[in-house]
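**Q** Starting off with a structure, shown below.
The values are calculated or read from the model by the stated rules, or taken from the named source; none is laboratory data. If you're wondering where the values come from, they're calculated on a predicted model, not measured in any experiment. As a convention, Cβ positions derive from the backbone with ideal geometry for all residues, glycine included, and neighbour counts pool all protein chains shown.
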Protein chains: 2
Amino acid sequence: MTLDLGATARELTCALVDIESVSGNEQRLADEIFAAVSALPHLLVHRDGNAIVARTGLGRAERVAIAGHIDTVPLAGNLPGQVRDGVLHGLGSCDMKGGVAVALRLAAHLERPGRDVTYVFYDCEEVEADRNGLLRLSRNCPELLAADFAILMEPTDGEVEGGCQGTMRADITVAGERAHSARSWMGTNAIHAAGGILDVLRGYTPRQPQVDGLEYHEGLNAVFISGGVAGNVIPDECVVTVNYRFAPDRSPDQAREHLEKVFAGYAVTVTDVSRGARPGLTHPAAASFAAAVGGTPRAKLGWTDVARFDALGIPAVNYGPGDALVAHARHEHVRLAQVADCEARMRDWLA
Amino acid sequence: MTLDLGATARELTCALVDIESVSGNEQRLADEIFAAVSALPHLLVHRDGNAIVARTGLGRAERVAIAGHIDTVPLAGNLPGQVRDGVLHGLGSCDMKGGVAVALRLAAHLERPGRDVTYVFYDCEEVEADRNGLLRLSRNCPELLAADFAILMEPTDGEVEGGCQGTMRADITVAGERAHSARSWMGTNAIHAAGGILDVLRGYTPRQPQVDGLEYHEGLNAVFISGGVAGNVIPDECVVTVNYRFAPDRSPDQAREHLEKVFAGYAVTVTDVSRGARPGLTHPAAASFAAAVGGTPRAKLGWTDVARFDALGIPAVNYGPGDALVAHARHEHVRLAQVADCEARMRDWLA
């Protein structure tokens, strides 16, 4: 089989969903995409593992990157896809093969867009960051990603979502002293003491700052808790793992300082951090895109790969078909009319 | 080698320590004890696996059970035993081969005690309850354990410790609702909600009731806590495992009712319970024993196998050489003079 880029966006979305591409297993889909875009004479194509970059080279004043990951979360008995009442149900339909179909259609049919375009199809977005195909591209060949503005085709229900919040995980640790539980007063119970950490979390009011005109909404939550030695021992350690989602007006360092202040008196160890991205909607290309596709831009609360573009100095927004609330769910789905609508709006803007 | 019951209590304790008998590996020591007591014509000997029961049959008005477990916790680089300044250091020296040595000496040398005596040497006390040799004996041949009073030779530093507290473990569970941690307000964080459970524990005042004249000291402690789904998910469950040590004036049912009341509003699931034992010091044999060995009887706070005798309707106390605070420690030890002293006091009482 070869992907038919002449098919409609609806048909192409269905075809993409039916090529299973769980993270780590993207080769067949990458081969198909590589073959399809390599057949287009107006594009320069580069492949790095299972990531593919296809560029126009028209010498336009501005260049736009349009990116989408081709992998999905694991199978959940939801392949092949099924269309019911104009809605495609199936693995990856929402996150984000609808968006990939839009990008492939634009790549095939916009031979001479008004802005140069760099199409990026990449692997391993749904797994650990160090396997991420966009990260790999940004290290192996950053010049291929150069652009004035980037659109990441994550599901946003057809609305522009600017930037993204950062995410930090940290272990908050409290110590105690072991003792036999039959003589508990000889020790100090670290799990009881962790109640103080939970008090902080229960009393915490998250910020909702305006950044570049968009309102973000932070969050600070325990995502894991663990403690205990044995059923008859007063525990001497309890660890609460917190996840801090921070607005893009804070750097990772500022986020860490905030956690150290909030949890003053406890040992705070940051285990993982991904910077946020400012929405960049003040950039002319971004502003014209937002105006062209319509709607009211809103803040992206979840972390996405727009932060990788931000780290390269490229303002980026999220825009794509599908409701992010059903992403990763067994019942994920996308309205096929929305896929076609996204394609039409982007085509109008780029033409 | 054959155990020499003609050796002094000090020598016998050293010999017993040097026969390694970690739980599950008691056979060699059981063989030695079985051979030694079988050679004594004044005793009727029964063996059940690695548990041995040896009884006088003098037709006395009262019968006393003297029991000790022959297993130890795992090796910790503390064998063979070493005597320094009259103190024997080594695995099992405190818990409880000093007490076993006393019982073996009494078995060998008291041919016509004033009370009939049932000596019980049993396996697997230091592991899961369902492997316990005394429990097995009580099921396979309860008639062999029949007695008016029992002395369990657990380390009590040569003081009579009456009865024991019960122990109950229960899972206290709080539910929440999952959500992506980037939109945490869409869910309900079960770990945060578990702060309410920790509040209860932090505010709890344990009872210190008098039971049969002895003061017990209860305790209610978290021994484990766990919760969490993934680093980016608001957790929908948190489980706090509590250990309730309850005085022997409460039955297991009353202990459960107490936990249900204390944790009203949470799901309480009892996972494990061992009943306590009343001290029974009002029984004439127990009272005469306590008077004979001297000191001021005190309450046993940790759970011991006296509860198994209590369950058979036999009042029981703990009495033996060695300080329970060093039991199970790598540096466990026993003063050899205390072993000899315990033997002398018990011999005087039984003669």
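**Q** Which numbered condition in (1) within 14 Å of chain A (Cβ to nearest Cβ); (2) over 19 Å from B:VAL83 (Cβ atoms); (3) out of contact with any strand residue (DSSP E or B) (no Cβ under 7 Å at 6 or more places or on another chain) is the only one that B:ASP323 fails?
**A** (2)
**Q** Given the conditions (1) surrounded by fewer than 23 Cβ atoms within 10 Å (Cβ to Cβ); (2) modelled with pLDDT of 95 or more; (3) outside any loop (DSSP other than H, G, I, E, B), and given that A:ARG10 satisfies all but one, which numbered condition is not satisfied?
**A** Unmet condition: (2).
**Q** Consider A:VAL200 carefully, then state whether it is more than 8 Å from chain B (Cβ to nearest Cβ) and part of a strand (DSSP E or B).
**A** No; evaluated as a whole, the condition is false for this residue.
**Q** Does segment B:293-312 hold any residues that are surrounded by fewer than 18 Cβ atoms within 10 Å (Cβ to Cβ) and either assigned to a loop (DSSP other than H, G, I, E, B) or more than 14 Å from chain A (Cβ to nearest Cβ) (or both), and which are they?
**A** Those that are surrounded by fewer than 18 Cβ atoms within 10 Å (Cβ to Cβ) and either assigned to a loop (DSSP other than H, G, I, E, B) or more than 14 Å from chain A (Cβ to nearest Cβ) (or both): B:GLY294, B:GLY295, B:THR296, B:ALA311, B:LEU312.
**Q** Hey, A:ARG245 hits all of (1) in contact with a helix residue (DSSP H, G or I) (Cβ under 7 Å, 6 or more places away or on another chain); (2) over 30 Å from A:CYS94 (Cα atoms) but one; which does it fall short on?
**A** Result: A:ARG245 fails condition (2) only.
**Q** Among the candidates A:GLU32, A:GLU11, A:GLU20, which residue alone is among the charged types (D, E, K, R) and touching a strand residue (DSSP E or B) at 6+ places or on another chain (Cβ under 9 Å)?
**A** Details: A:GLU32 fails: touching a strand residue (DSSP E or B) at 6+ places or on another chain (Cβ under 9 Å); A:GLU11 fails: touching a strand residue (DSSP E or B) at 6+ places or on another chain (Cβ under 9 Å).
Only one candidate passes the filter, namely A:GLU20.
**Q** Output yes when any residue across segment A:79-89 is free of Cβ contacts under 8 Å to residues at least 12 places away in the same chain, charged (D, E, K, R) and outside any strand (DSSP E or B), and no when none is.
**A** Scanning segment A:79-89, I find at least one residue that is free of Cβ contacts under 8 Å to residues at least 12 places away in the same chain, charged (D, E, K, R) and outside any strand (DSSP E or B), so the answer is yes.
**Q** Could you look through segment B:326-345, keep only residues that are away from every other protein chain (no Cβ under 13 Å) and part of a loop (DSSP other than H, G, I, E, B), and pick out the one that is nearest to B:ALA286 (Cα to Cα)?
**A** As a first pass, look at segment B:326-345 and keep what is away from every other protein chain (no Cβ under 13 Å): B:330-345.
Of the ones still in play, those that are also part of a loop (DSSP other than H, G, I, E, B) are B:330-332.
On the way: B:ARG330: 34, B:HIS331: 33, B:GLU332: 29 Å.
Ranking the qualifying residues of segment B:326-345, first place goes to B:GLU332.
**Q** So how many residues does segment B:215-263 have that are within 22 Å of A:ASN232 (Cβ to Cβ), touching a Lys or Arg at 6+ places or on another chain (Cβ under 6 Å) and surrounded by fewer than 19 Cβ atoms within 10 Å (Cβ to Cβ)?
**A** Summing the residues that are within 22 Å of A:ASN232 (Cβ to Cβ), touching a Lys or Arg at 6+ places or on another chain (Cβ under 6 Å) and surrounded by fewer than 19 Cβ atoms within 10 Å (Cβ to Cβ) in segment B:215-263 gives 1.
**Q** Out of all the residues in segment A:327-351, which are in contact with a helix residue (DSSP H, G or I) (Cβ under 7 Å, 6 or more places away or on another chain), under 11 Å from A:SER93 (Cα atoms) and surrounded by fewer than 18 Cβ atoms within 10 Å (Cβ to Cβ)?
**A** A:HIS328
**Q** Taking B:ALA290 as meeting all but one of (1) part of a helix (DSSP H, G or I); (2) out of contact with any Pro (no Cβ under 9 Å at 6 or more places or on another chain); (3) among the aliphatic types (A, V, I, L, M); (4) at pLDDT below 95, write down the number of the exception.
**A** (2)
**Q** In segment B:148-197, how many are more than 30 Å from B:VAL334 (Cβ to Cβ), more than 7 Å from chain A (Cβ to nearest Cβ), more than 15 Å from the chain's Cα centre (by Cα) and in a strand (DSSP E or B)?
**A** So the count comes out to 9.
**Q** Within segment B:13-36, track down each residue that is outside any helix (DSSP H, G or I) and not acidic (Asp, Glu).
**A** Across segment B:13-36, the qualifying residues are B:ILE19, B:SER21, B:VAL22, B:SER23, B:GLY24, B:ASN25.
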